[in-house]
Amino acid sequence: MKKYLYISLFVCSVCILIFIDNNYKLEKSERAAETETKPAASNLIVVDHPLIQHHLSIIRNKNTKSNEFRESSQKIAGMLILEATKNLPMDEIDVSTPIEKTKCRRVDPNNPVVVISILRAGLAISTVAERIIPGAVTLHLGMYRDEKTHKPVWYYNRLPKTFANQFTKVYVCDPMLATGGSAYEAIKECITRGANEENIVFVCVISAPEGVAKLLKAFPKIKIITASVDSKLNDKAYIIPGLGDAGDRTFNTTNIE
Ligand code: PRP
Ligand code: URA
């Protein structure tokens, strides 16, 4: 009788061990699947700063006038660009101050960067970026979202035939990342023309999880720098809570057909 008890105890322990092991393997494969579909956290940088929050509260407010909207958008843009450029290569030069000679570090002029503006709203970021990044080249892409299909419609492309990887960084600027259609088109165009995916940084003020997921799935080596990832898109593909139509609010065309 004792013998049967020991045997049943042994069989039970083996079953429990197999069950635990299978569960562990399942969890592990679930975790692996998660990391495959979820973007690496380091690809998405949400810049959280009291001044950014302050200016977000201004541009989100529907009563904010266009000139104040532009002003606050540009202030946020400056802070995002600061983050986006923090690892730019530097060199060292001799400088004579009125007092004595000293060594100064500066952005290496042999590593030029390109700022790409997705018209129209992208100008709110690119006009700030080109003022604060020494030697930046600014290029423009024109597209607007079709109201019914929510797909981007191209109307202008001023990219060079080939990037030939002469740029250290490619900053693609657009304040809104909603479905991700416009940003996808812009980034694909850069890569088709020879830009290195890992050199591309998409800079936007407000993003939707849908757009972030689309971009990082298609281009897992890019970086996205944003001031906020909002909750989702509404049925017109506008970001919730968002700020409405960034282009119209920037250029005061909300009531113009
Ligand atoms: C806005 C915005 C982006 C696009 C984002 O542009 O500036 O380019 O929508 O939406 P998506 O992620 O779903 O593509 P819009 O079409 O309003 O053009 P505009 O800048 O000329 O106003
Ligand atoms: N474009 C905008 O300007 N705002 C949105 O919320 C979505 C797309």
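Read-outs throughout are calculated quantities, based only on the coordinates presented, and are distinct from any laboratory measurement. Since this is a predicted model, take the numbers as computed values, not measurements. Glycine also receives a Cβ, built like all others from the backbone with ideal geometry; neighbour counts cover every protein chain displayed.
So for the stretch 80-213: antiparallel DSSP bridges make up what percent, rounded to the nearest 5?
Here the share of antiparallel DSSP bridges comes out near 45 percent.
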Quick calc: nm separation of the 7 Å Cα→Cβ label points for ASN157 and ASN43 -> 2.4
Listed with the fewest Cβ neighbours within 10 Å leading, SER228, SER66, SER96, SER57 appear as SER96, SER57, SER66, SER228
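In the stretch 70-109, which trypsin sites (Lys or Arg not before Pro) are in a loop and have at most 14 other Cβ atoms within 10 Å, using DSSP for the loop call?
Those satisfying the criteria are LYS86.
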Label model pair LEU51, CYS104: point-to-point distance (7 angstrom along the Cα→beta-carbon line) in nm is 2.1
With 0.36 nm assigned to each residue of separation and the Cα-Cα distance removed, ALA164 to THR97 gains 20.3 nm
Distance in nm between THR192 and GLU147 label points, each 7 Å along Cα→Cβ, equals 2.8
The residues VAL115, VAL203, VAL212, VAL95, sorted from fewest to most surrounding Cβ atoms within 10 Å, come out as VAL95, VAL212, VAL115, VAL203
Extend 7 Å from the Cα of LEU82 along its Cα-to-C-beta direction; within the stretch 211-239, residues with backbone N under 18 Å of that point are 225-228
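Within 10 Å of each candidate Cβ there may be at most 12 other Cβ atoms; applying that plus a DSSP loop requirement, which GluC sites (Glu not before Pro) in the stretch 126-203 survive?
Passing both the DSSP loop test and the Cβ count: GLU147.
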